[in-house]
Amino acid sequence: LVSQIKVSLSQAATTAENTVGNNSHAAAAHFGIVNGYLTYTVWVIDGSYTFHRVIVDAGNGKVLLSQPVSKGGPMMGHGMMMGDGMMKGGPGMSVPRHQW
C-alpha cells in the first residue's frame, strides 16, 4: 500500500484548505480507506467556524468529496470531537459511492 501513496498529509491538508477557501485551516486529519480508495479525510474549519469534511485521494491528490458538517452531523453527533481536541473516525464516516 505504501507505494500507492503519492500525496503527503501536508499536501492533502493544503489541498483541503484551498478547497474550502480563504481563512480556512485544517483542524484534524486521518489516513484510511474509503470505498476502496486510499484517502486522507481532513476536517477544515472556515472563517465562519463551520467544519468541512474533505476527502483527498492519497494517490493523486484529487478531492473526492467536500462537504460542510452540520453541528448535529457525523463529526459532532458520534463523539468525534474528543476533550483533548483530537478527532477519531467512527460511525457515519463512510461516503456513499454515488457522491464521487
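The values are calculated or read from the model by the stated rules, or taken from the named source; none is laboratory data. Everything numeric here is computed off the predicted structure, so don't read it as measured data. Ligands, DNA and RNA are excluded from the accessible area calculation, which covers all protein heavy atoms including side chains. Shrake-Rupley method; radii C 1.70, N 1.55, O 1.52, S 1.80 Å.
Here the accessible area is traced with a 1.4 Å probe on the protein chains. For segment 1-76, carbon and sulfur cover 52 percent of it. Near the amide H of ALA58, within less than 5 Å, lie the amide hydrogens of LEU38, THR39, TYR40, all on another chain or at least 5 residues away, with H placed in the peptide plane.
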